[in-house]
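Asker: Pasting a structure below so you can have a look.
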Amino acid sequence: MSTGALAMMLITEISITVITGYFFYKVLTTKKHEEPDSFTDNDDKT
Amino acid sequence: MANNEAWGSRVGLILAMAGNAVGLGNFLRFPVQAIQNGGGAFIIPYLVCFLLMGLPLLFVEWSSGRFGGSKGHHSTPFIFDSMDKRKFWKYVGVFGIFTNVAVAAYYCYLESWTLSYVWHSIVGTFDGKTQVEVATYFGDYVSLQDGAGAFSWSPIFFWVICLLLNTWILSKGLSGGVEKAAKIGMPLLLIFGAFLAYKAITIKAGVEGAKFDGVVGLNFLWSPDFSSIWQPKVWLAAAGQVFFTLSLGMGSIQCYASYIRKKDDIALNAMSAGWMNEFVEVVLGSAILIPIAVGYLGIEQVVEMTKSGGLGLGFMTMPFLFEQWGTVMSVVAGLFWFGLLFFAGITSSLAMGTPVMGFLQDEYGWKRKPAAWAFGGIVLLLGLPTVLFFNQGVFDEYDYWAGTVSLVVFALLEIILFAWVFGMDKGWREITNGSDIKVPLFFRFAIKWITPIMLGVLFLASMLLPESDWGTSFSALFSGEGWSFSPDSIIGKIMNKGINAEIANAATSEIADQLRDKKFYINISRLGLLLLWSGIAYLVYHAYKKRIKEGRFTS
């Protein structure tokens, strides 16, 4: 691969992967809102 | 009120929203757009449009959906109605039902091809076929013919199966159907995509019939032509791609978000779903189709084949290329490729069903199951012309008016409503209320100024698209020669410029007659879509009158 193509691909893909991973990690680790919330799966836990 | 739907979990909601956005275009349209618009440099206008138009519109659609939902509305006519006192906004919201029904009508047919090709990959239909024979098979398939020229029920069978599957999942509800489908479909899509991307990148020249290494295709796709970013057409292509890939302007995001409570986050959810779509599109979407196709066919042939879009390459060529990987791997690759496209498709088509169901449940008190079957029935009726008259251009006509123009019109009007009528003070409160992240203030400015201007330019450019390039066209206009509309512009389409030119240039009178028939079908399709929009508008009017009569709150 040419240097330009490789640089373009790596910068783009790494940036997008890191940003996507960061937001999904935030979703998984953010403290849940108090009940009643919008989701039914956790209703029996409170 | 019959509508007591709810999401099961936050991850399920995000996967469903991401599944709504991830569609066949992520794998078939994005890579083709990239190679046609500057290769690696295309990503610059693409990401700029994502930040300035995609993310702001995601915030607008998620927050207006949650706002409407807090008032008991789950489809855009009455979501919009609740945002301003003027009564005409509910008719703008008609687009949010119309688009979903009309797009589902042809999209489910496209989705059924993927299901059918999964089956044919497993049973070995493509074994031993040449590249031309595989391409001919697809042509026969969409013409409803078998190899011998007789009528084939197979495409209709798979289409009906696909419709039944969609309807059945929808009838199970939001958490029991749509969310479960997303929780199964999205992880499988990622696994299938990662496997195919690995296979594509590791293709070696001279092994299993490959002419070039897989990285030759990657190099071709990512080599930046920086001069392209000064061309208006590249920016239009980037804006269009961002728009369609995020399923903006459809009304389905608002419907999904309307089931979120007022105090719960939407900003982080919108970011997660939006960026997940980008991951699938840019990281996986760029690593499969083009590297495999270039590895076996070479750059020149791929450039030629992608002139008519990615569909041909995806269905007419990939099964033949997979055959080069041996008996077992060809089955696995076919299953994974068409399975991936199927999951991408079904998670989108399910989202198209929910606004219609929401409307019927909210306004007419329908229960979930009858509402789902009503949607299935409408899509069956409206989709039949796209199946029976595919070669007469009905499918393309639905795609253009409902799947392209309608989205831009709807998004332009909804952002005017949100930023300028509902107002940015209230709007910003809606976006940030309950947010689990700090939303940069920049987006407030973007929603009010940049995104509406970009959408306005996108709409005007689509309407006035010239036959030659923009610079030459403006020179011709200012020198008094007038403006020549492209056959692909909205005005050119209305004037039937493309098909009229084809009729005028037809080699024989027989071909001219066939083209006149095609023009007839095209005009009938447009009339049908117009009647559909009007019919939905009448239902909204009827529902509004019913609300008044029952003393129910509207806005």
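The values are calculated or read from the model by the stated rules, or taken from the named source; none is laboratory data. Note that the structure is predicted; figures quoted are calculated from it, not measured. In this analysis, Cβ positions are derived from the backbone assuming ideal geometry, glycine residues included, and neighbour counts consider all displayed protein chains. Just so you know, the surface numbers come from the protein's heavy atoms only, side chains and all, with ligands and any DNA or RNA stripped out. Shrake-Rupley method; radii C 1.70, N 1.55, O 1.52, S 1.80 Å.
Asker: Go over the candidates B:Asn277, B:Asn269, B:Asn219 one by one and state the one that is of a type outside the set (A, V, I, L, M), within 8 Å of another protein chain (Cβ to nearest Cβ) and surrounded by 24 or more Cβ atoms within 10 Å (Cβ to Cβ).
Answerer: Selected residue: B:Asn269, the only one of B:Asn277, B:Asn269, B:Asn219 that is of a type outside the set (A, V, I, L, M), within 8 Å of another protein chain (Cβ to nearest Cβ) and surrounded by 24 or more Cβ atoms within 10 Å (Cβ to Cβ).
Asker: Do you know which of the residues in the stretch B:75-103 that are of a type outside the set (S, T, N, Q) and under 17 Å from B:Ser349 (Cα atoms) is surrounded by the most Cβ atoms within 10 Å (Cβ to Cβ)?
Answerer: B:Gly96
Asker: Then there's this: All but one of (1) over 29 Å from B:Glu278 (Cβ atoms); (2) crowded, with 16+ Cβ neighbours inside 10 Å hold for B:Gly149; which doesn't?
Answerer: B:Gly149 satisfies all of (1) over 29 Å from B:Glu278 (Cβ atoms); (2) crowded, with 16+ Cβ neighbours inside 10 Å except (2).
Asker: Out of the residues in the stretch A:2-18 meeting the condition of being part of a helix (DSSP H, G or I) and within 7 Å of chain B (Cβ to nearest Cβ), tell me which one is nearest to B:Asp213 (Cα to Cα).
Answerer: Only one residue fits best here, namely A:Ala5.
Asker: Quick check: is even one residue across the stretch B:11-25 touching a residue at least 60 places away in the same chain (Cβ under 8 Å), assigned to a loop (DSSP other than H, G, I, E, B) and within 13 Å of chain A (Cβ to nearest Cβ)?
Answerer: Yes, the conditions are met somewhere in the stretch B:11-25.
Asker: How many residues does the stretch B:280-312 hold that are small (Gly, Ala, Ser) and within 12 Å of chain A (Cβ to nearest Cβ)?
Answerer: 3
Asker: Then there is this: Quick one: which of B:Leu360, B:Leu460, B:Leu380 is surrounded by 20 or more Cβ atoms within 10 Å (Cβ to Cβ) and part of a helix (DSSP H, G or I)?
Answerer: B:Leu360
Asker: Of all residues in the stretch B:192-204, count the ones that are without any contact (Cβ under 8 Å) to a residue 24 or more places away in the chain and open to solvent by less than 50 Å² (accessible area, probe 1.4 Å).
Answerer: Summing the residues that are without any contact (Cβ under 8 Å) to a residue 24 or more places away in the chain and open to solvent by less than 50 Å² (accessible area, probe 1.4 Å) in the stretch B:192-204 gives 0.
Asker: Which pairs turn up if I take residues in the stretch A:1-25 that are free of Cβ contacts under 8 Å to residues at least 24 places away in the same chain and look for partners that are aromatic (Phe, Trp, Tyr) and open to solvent by 40 Å² or more (accessible area, probe 1.4 Å) with beta carbon separation below 7 Å, at least 6 apart in sequence or on another chain?
Answerer: If the second residue must be aromatic (Phe, Trp, Tyr) and open to solvent by 40 Å² or more (accessible area, probe 1.4 Å), the pairs left are A:Ile16/B:Phe279; A:Thr17/B:Phe279; A:Thr20/B:Phe279.
Asker: Here is a follow-up. Consider the stretch B:441-489. How many of its residues are of a type outside the set (Val, Ile, Thr) and within 30 Å of B:Lys426 (Cβ to Cβ)?
Answerer: 15
Asker: Now for a different question. For the condition within 21 Å of the chain's Cα centre (by Cα), away from chain A (no Cβ under 12 Å) and not polar (S, T, N, Q), what is the one hit in B:Leu164, B:Leu196?
Answerer: Numbers: B:Leu196 fails: within 21 Å of the chain's Cα centre (by Cα).
Answer to the check: B:Leu164.
Asker: So, restricting to helices (runs of 4 or more DSSP H) that lie completely within the stretch B:470-555, which ones have at least 1 residues that are of a type outside the set (Val, Ile, Thr) and touching a residue at least 40 places away in the same chain (Cβ under 8 Å)?
Answerer: In the stretch B:470-555, the matching helices (runs of 4 or more DSSP H) lie at B:470-478, B:490-494, B:509-550.
Asker: Given the options B:Ser308, B:Ser247, name the one that is open to solvent by 40 Å² or more (accessible area, probe 1.4 Å), under 19 Å from the mean Cα position of the chain (by Cα) and not aliphatic (A, V, I, L, M).
Answerer: None of the other options fit; the residue is B:Ser308.
Asker: Turning to a different aspect of this structure: Filter the stretch B:26-41 for residues that are in contact with a Leu (Cβ under 8 Å, 6 or more places away or on another chain) and in a helix (DSSP H, G or I); which is farthest from the other protein chains (Cβ to nearest Cβ)?
Answerer: Checked the stretch B:26-41; the qualifying residue farthest from the other protein chains (Cβ to nearest Cβ) is B:Leu28.
Asker: Under the condition of being surrounded by 13 or more Cβ atoms within 10 Å (Cβ to Cβ) and within 14 Å of chain A (Cβ to nearest Cβ), which residue from the stretch B:422-447 is nearest to B:Arg86 (Cα to Cα)?
Answerer: By that ranking, first place goes to B:Asn433.
Asker: Among the residues of the stretch B:42-57, how many are within 12 Å of chain A (Cβ to nearest Cβ), more than 15 Å from B:Gly285 (Cβ to Cβ) and either among the aromatic types (Phe, Trp, Tyr) or open to solvent by less than 10 Å² (accessible area, probe 1.4 Å) (or both)? Please lay out each step first, then the result.
Answerer: Within the stretch B:42-57, the subset within 12 Å of chain A (Cβ to nearest Cβ) is B:42-44, B:46-47, B:50-51, B:55.
Filter once more, so that each one left must be more than 15 Å from B:Gly285 (Cβ to Cβ): B:44, B:51, B:55.
Of the ones still in play, those that are also either among the aromatic types (Phe, Trp, Tyr) or open to solvent by less than 10 Å² (accessible area, probe 1.4 Å) (or both) are B:55.
Number of matching residues: 1.
Asker: Hand me the list of helices (runs of 4 or more DSSP H) wholly inside the stretch B:139-252 holding 3 or more residues that are modelled with pLDDT of 95 or more and among the polar types (S, T, N, Q).
Answerer: Values: elements: B:154-171, B:179-201, B:214-222, B:232-245.
Counting at least 3 such residues, we get B:154-171.
Asker: Being more than 9 Å from chain B (Cβ to nearest Cβ) and assigned to a helix (DSSP H, G or I) is the filter; apply it to the stretch A:19-42 and report the residue that is least open to solvent (accessible area, probe 1.4 Å).
Answerer: Per the stated criteria, the residue is A:Thr29.
Asker: Any idea which of B:Leu170, B:Leu189 is among the aliphatic types (A, V, I, L, M), open to solvent by less than 20 Å² (accessible area, probe 1.4 Å), within 20 Å of the chain's Cα centre (by Cα) and under 21 Å from B:Leu384 (Cα atoms)? If you could, list the steps in order and put the result at the bottom.
Answerer: Working: B:Leu189 fails: under 21 Å from B:Leu384 (Cα atoms).
Going through B:Leu170, B:Leu189 in turn, the sole match is B:Leu170.
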